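Worksheet: the structure to be examined is printed underneath.
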Amino acid sequence: MLIHPLTFYTPTTLLEALNLYSSLGDVRLLAGGTFLLNNLKLLKKKGMKTPQNIVSLKKIGELREISANEKTLTIGSMTVINDLFNSPFLCDNFSLLKTVCRNISTQPIRNMATVGGNLTCRYTWTEMPAVMIGLEADLHFMGSDGQAQIISAEEFFKNAAKTDKILTRVTIKRDKKATIAYRRVKKSPFVDIPLLSIFMKTYFEGDRFTDTRVVVNNCVAFAQRDRVLEDFLNQSPCSNGIAQKALDHLDQGIYRLRSSDYKQHMFRVSIKSAIEQLIKSRNNPIP
Amino acid sequence: MTTLIVNNRKYELNLKGHETLLEVLRDHLGLTGTKTACEESECGTCTVNINGKAVLSCVTFACAVEGEEITTIEGLAQGDLLHPLQQAFIDYGAVQCGFCIPGMIMAAKALLDKNPEPTREEIDYALDGNLCRCGGYPKILEAIWQAGREMKKERSWPQ
Amino acid sequence: MATIVNKEFVNPVGKSVPRIDGKGIVTGQTKYAFDVSFPNMLMGKMIRSPHPHARILSIDTSKAEKLPGVRAIIKAQDTYNIKFGSNEYFFPHTVDQMALESEKVRYVGDEIGAVAAVDQETAEEAIKLIDVKYEVLPHVVDVEEAMKPGAPRIHESLNNIAVILPVNFGNAERALKDSDYVREDRFFMPAAHPAALEPHVCVGQWETFSNKITLWSSSQAPFKCRDALAKTLKMDLNDVRVIKMAVGGGFGGKLEMLPMDFAACLLSKKTGGLPVKICYNREEEFLSSRRKHGMIYTLKSGVKRVGTLLVMTGEVIADGGAYCSYGPTVIAAAIMRIFMLYKIQHFRITGYRVYTNTPISGAMRGFGGVQSGFAIESHIDLLAKGIGLDPVEFRLKNITTPNMITINKMVLTTNGIRECIEQATQRAQWKEKHGKQKHLCRGIGIGIAADVMGAKMYKSHESAGSIVKVEEDGSVYLFTGAADTGQGSNTALSQIAAQELGVSYSRVRCKAGDTEITPFDTGSFASRVTFISGNATQRAAHDAKKQILSVVAEELKLNVDHLNIIAEEVINTKDKLVIMSFDKALELCYSFNYGRQIIGRGSYNPKTTPVDFRTGEGNVSGSYGFEAQIAEVEVNKETGEVKILKMWDAHDIGKAINPQSVEAQIEGSLAMGIGYTFLENLQFDKQGRPANGNLAHYRLPRSMGMPEMETILIETNDPEGPFGAKGMGEASLLPTSAAIANAIEDAIGIRIKELPITPDKILKALQEKEQNEKKEALSV
């Protein structure tokens, strides 16, 4: 027995799941299982308590739907990574999600792990949280009292607050005007583990950057915005030398935290490269 | 009672809820072809197919996959007739110690059933969850590539 | 070009016939020890020390004994307190480990007892209830610290040095003075782990009425295991049966008895004969099996301007962990491989195998040759550079030749190293590429290696035995003690048996590694199986053939020396005429007048001499294998990432019994070598525990990033080997790290002397190079 005995529930509707989640004590939600099961095994190995009840969301069809219209992409929280990867809706500013999905872990994990699971366990071993913050995604939660709650991805990752609501979907606004650049570095060419990534989104007004968003993903640590760099870029013309100059205008605190010399060097390399990419794509809004 | 459909057979099992699919396959159903080498979703030796997709049975709750079609390595051959993948692994020397092979074959099957003519990169990508410590990757990838072409020829091979 | 299997089974030697065990593996039917299960089987778990170094004061198991489901608990006082080791014949003082420690524990994880219970869960609960009182002692984790006077004493040896090997020839001091160019380098090679996918696992059962044990095991050396069990349990050898199941990888980690094997048997006895299974989880694998010695290799050598390698001096310090295991052989291999490759007259290298309070180092694939391969082949390149000579030219000027005796008395007969280097460099287009691709940040590098075919280690002999039984219906059984751990020895030996007997490979069934049924064999290590067990098998098949032919000769009144069996036919060797079919000959053997059972037997013990640890002399092997490896890389100077474009491996294997298997072994070794070069680094925390002891953090090579590999098989037809074959299985991972490091230097002019090669090391070296160049420019 690799994990402690527990009671397993498989509701088939969201309402059923919500009721179970609120009424059962000592309960965890099961999405893909790739995080939860390893976590439970680890807790048992350490002699710690594990939940009495598991509520599986696997059989709730409405949580697996992906749809898109003129304005919004909607991703059901139980959407499996590979299903998102194969979705025909990933164009415009959503196409970066294809890259992110492709980079996640290994194939069987991509067949099991879910978008919602990835976000709610705040697993920054992948790049999903950083990209969601960058694309200004909204996370939609539902409580058993029927109360809906929308939290922005940025807010969600800033406060590690626990909630008794279930994540039902993620929405991202379609944006044809934004220019996006993304750089990621792996730990080594021989492994599939990301070391860091940099997300940049901007708009061009004449020859200037505006409304720039820079999200720094320090893998296995955190994902957050670098507002110092954002401010610098927003006040700068998009000329060629700006990428090098930008390296003197970083929120150093972010990059030094839990970062080896090599990682800090690669942050700089990636930031410079991302800014150069933005300038290059200036005439093509979506890379 | 939980009903699991494994290799086209229905099993009625009295499960308590905490069992992983891997435990059920090996300990309850005696299907020891599926292995485990790490118990933490790193090695891929526990790979099986569920509804045609490669998944890791060590991080799958058995109760969560009730009613879904589960295929293990034992479900591939038809009597004495080996599946093209199994035959190719023998023909192209992809078998060394063999511990990774069931997982490799199941991951490859999931790929080839959807795309029988993958490029080398696509095979690499689909098999990136499977470790082989004997280092037999070149021959394993070759066997998969060849098997796909064989499967395309024998279009009547049941999926 | 992929090698496809060859289904012409007659005259199988030299053909890529399908694996004899292939079908079972691809259908999931093959049973590993991991899969073994019996009714009423109990699960066992080892009781381990939480301290790196402590005296055991008391063990109180009373609470655990009362836990429902617990069936037996053992500790040192249930044993005879007999120590066991791995190099015991030649190094009795290195026999230093007890199956269950009674006085001291020497690393976190050291075994002091074991529990058997109805399931794993209960066994783990029981262990929590066992109260052990320790007197914690100071401990030492760093190998150089461990050698200093005043360091905590782990065993009785002074300065924690388990073994010293001083190898001296000629006059090293004078030769250094006579050299035109001298340089000194220091290399660091980390600890690593075999990390076979199948963990260590065994099932032990005690037959109470006859006092006999059976152990179902995942072992590379079932007879070694039997010997150690018999010794520690004070039993007769023929009351101990070790059955090797299919093994899911060994790589040197399963080459000896471990306390778990002992415990499974003794626990079974205590329960009154129930089978007890002990299976390591991955954490225990990293903690308490056998790892690779981390090494620090200092080399100071001198060369003449014309390119003669005059002298090599230095020292190698190997971090052995808490007990000795195969330490002496590892330290010997780390030094002596040099003599197989280079003609050198003046030599002084001293090897130290040192104890530390960390997991035990054993004989991981390469036996010290991987670590030393990196150091030596990097150093050779630097020497060549120092006198402005091409690294290939430098090697060609100094390599050994066929039919020579080295300064330390190794007898080299067939020696294909020159041809290996020439073929590899030709295929890789060395002349066109070396030194000429810097503008692309590309480079090409070479490393060479030599391999032994076995070595006498734990016994006075290292013989292998085989039995070939031919049944009335023409089916052939091969009984061999050789342990197939996935390298394909069952297949190769069956091919040898079939070839020698003159029949189709399809007739042969192989039974291997069961100590009660198969003849003795020392095990799968040091690339010995094809050569030693192969010779034994050839002799056994020859004996069986002679028995059949003598019946034919008797019946037809012919001279038995003029008869042979080839391709399923008995022929007259004088006129090449067919006399009768093999089946007919057998019918005759088993007919009314004869009724002769055909049971052929053979054994082989190579004519070698053990290493004399006072001088470093010894012809350790009956033959030697050689190879040259070339790596072409591309380096990204901004990110420090290294991409391997292609690798070439030219290998003198004597004769390829099964070319497909040989290629698979080479490719597999290359993958492991690449893993050690870039990824694998087993680290220890301050308590000596593995800091990255799981597969999430200890990364193994996957197919991602693996380069295209071209293998070139060189057949030198060894006169001693079966059908000319030598062994191989380790050589291809020995020079890999150096070939890559040498290629990186060719590409971007920096030298990495510490493994693993990571992007940050490359960037740091580039930075230092830039700074040095600036300083030089300023000083001009």
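The values are calculated or read from the model by the stated rules, or taken from the named source; none is laboratory data. For clarity, every value in this text was computed on a predicted model and none was experimentally measured. No Cβ is skipped: glycine too gets one built from the backbone with ideal geometry, and neighbour counts run over all protein chains shown. Side chains included, ligands, DNA and RNA excluded: accessible areas come from the protein's heavy atoms. Shrake-Rupley method; radii C 1.70, N 1.55, O 1.52, S 1.80 Å.
Can you give the calculated 222 nm mean residue ellipticity of chain C, where each DSSP H run of n ≥ 4 adds -39,500 (n - 2.57) and the sum is split over every residue, rounded to the nearest 500 deg cm²/dmol?
Mean residue ellipticity, 222 nm, calculated: -8500 deg cm²/dmol.
Longest segment of chain A with no GluC sites (Glu not before Pro) in a DSSP loop having at most 14 other Cβ atoms within 10 Å?
With GluC sites (Glu not before Pro) excluded where exposed in loops, chain A gives A:71-287 as its longest stretch.
How big is the gap, in Å, between the Cα center of region C:745-778 and the Cα center of region C:559-577?
67
Return the sequence-ordered ³J(HN,Hα) values of region C:489-500 in whole Hz as given by the Karplus equation 6.51 cos²θ - 1.76 cosθ + 1.60 applied to θ = phi - 60°, using x for Gly and Pro.
5, 4, 5, 4, 5, 5, 5, 5, 4, 5, 4, 5
Residue A:231 to residue C:135: FRET efficiency via 1/(1 + (r/R0)^6), r the Cβ-Cβ distance, R0 56 Å, to the nearest 0.05?
Computed FRET efficiency for residue A:231 and residue C:135: 0.35.
Most fluctuating residue of B:21, B:131, B:82 in a GNM of chain B with Cα springs under 10 Å: which is it?
Looking only at B:21, B:131, B:82, the largest GNM fluctuation is found for B:82.
In region C:623-666, whose amide N lies under 14 Å from the spot 7 Å out along Cα-to-Cβ of residue C:426? List them in ranges.
C:650-651
For chain B, what does the helix formula give at 222 nm: sum of -39500 (n - 2.57) over DSSP H segments with n ≥ 4, over the residue count, nearest 500 deg cm²/dmol?
-9000 deg cm²/dmol
Nearest 500 deg cm²/dmol is fine: what mean residue ellipticity at 222 nm does chain A get from its DSSP H runs of n ≥ 4 alone, each adding -39,500 (n - 2.57), divided by its residue count? Don't skip to the end; give the middle numbers.
Values: 12 runs with 97 residues, N = 287.
Calculated mean residue ellipticity at 222 nm is -9000 deg cm²/dmol.
Kindly state, to the nearest 0.05, the FRET efficiency for residue C:345 paired with residue A:264, given R0 = 51 Å and r defined as their beta-carbon distance.
0.50
Determine the percent antiparallel among the DSSP beta bridges restricted to region C:386-525, to the nearest 5. Show your work: numbers first, answer last.
On the way: 8 of 13 bridges.
Within region C:386-525, antiparallel bridges account for around 60 percent of the total.
If you filter region A:1-99 for trypsin sites (Lys or Arg not before Pro), then keep DSSP loop positions with at most 14 other Cβ within 10 Å, what is left?
Hits after loop and neighbour filter: A:46, A:49, A:71.
Highest GNM mean-square fluctuation, chain A, Cα pairs closer than 10 Å: which of A:119, A:40, A:73?
A:40
Mind checking C:686-695 for the average number of partner chain beta-carbons within 10 Å of each residue's beta-carbon?
1
Determine the shielding of peptide C:26-38 by partner chains: average, over its residues, the number of Cβ atoms on other chains within 10 angstrom of each Cβ.
Rounded to a whole number, the mean comes out at 6.
Pick out which of B:49, B:130, B:14 has the largest mean-square fluctuation in a Gaussian network model of chain B, springs linking Cα atoms closer than 10 Å.
Result: B:14 has the largest fluctuation of those listed.
So how tilted is helix A:14-23 from the main axis of chain A? Cα-based, degrees 0 to 90, rounded to 10.
Once rounded, one gets 70 degrees.
Using only protein heavy atoms and a 1.4 Å probe, report how much of residue C:506 is accessible, in Å² to the nearest 10.
Looks like 60 Å² after rounding.
Counting only other chains, and only Cβ atoms inside 10 Å, what mean value do you get across the residues of C:246-256?
For this peptide, the per-residue mean of nearby foreign Cβ atoms is 3.
For a quick check of your reading of the filter: which GluC sites (Glu not before Pro) in region B:102-159 sit in a DSSP loop and have no more than 15 other Cβ atoms within 10 Å?
Details: sites: B:121, B:122, B:142, B:150, B:154; in loops: B:154.
Of the GluC sites (Glu not before Pro), the ones in loops of region B:102-159 whose Cβ has at most 15 other Cβ atoms within 10 Å are B:154.
Report residue A:248's accessible area, 1.4 Å probe, all protein chains in place, as a number in Å² to the nearest 10.
That residue has around 120 Å² of solvent-accessible surface.
Suppose each label sits 7 Å from its Cα in the direction of the beta carbon; what would the residue C:584-residue B:81 distance come out to in nanometres?
The two pseudo-label positions are separated by 3.9 nm.
Counting only other residues whose beta carbon sits under 13 Å from that of residue C:25, what net charge do I get with K and R as +1, D and E as -1?
Neighbour charge sum, excluding residue C:25 itself: -1.
Enumerate the residues in region C:231-252 having an amide nitrogen under 13 Å from the point lying 7 Å beyond the Cα of residue C:459 toward its Cβ.
Correct set: C:237-238.
Taking a spot 7 Å from the Cα of residue C:66 along the direction of its beta carbon, which residues of region C:106-140 have an amide N less than 14 Å from it?
So the set is C:129-131.
Can you give the accessible area of residue C:350 in Å² (nearest 10), computed on protein heavy atoms with a 1.4 Å probe?
Using a 1.4 Å probe on the heavy atoms, I get roughly 30 Å².
In region C:377-408, which trypsin sites (Lys or Arg not before Pro) fall in coil by DSSP and have 15 or fewer other Cβ atoms within 10 Å?
Those that pass, being in a loop and sparsely packed, number zero.
A drop of at least 40 square angstrom in accessible area, chain alone versus all protein chains together, probe 1.4 Å. Which residues of region B:87-130 meet that?
For region B:87-130, once contacts with the other chains are taken into account, B:90, B:91, B:92, B:95, B:96, B:97, B:99, B:124, B:125, B:128 lose 40 Å² or more.
Hey, how many Å between the Cα centroid of region A:102-168 and the Cα centroid of region C:115-137?
Centre-to-centre distance over Cα atoms comes out at 41 Å.
Would you please give the FRET efficiency between residue C:237 and residue C:696, computed as 1/(1 + (r/R0)^6) with r the Cβ-Cβ distance and R0 = 41 Å, to the nearest 0.05?
Working: r = 43 Å, r/R0 = 1.04.
Step by step, r from the Cβ atoms, then E = 0.45.
Taking the Cα centre of each part, how many Å lie between region C:209-229 and region B:42-94?
34
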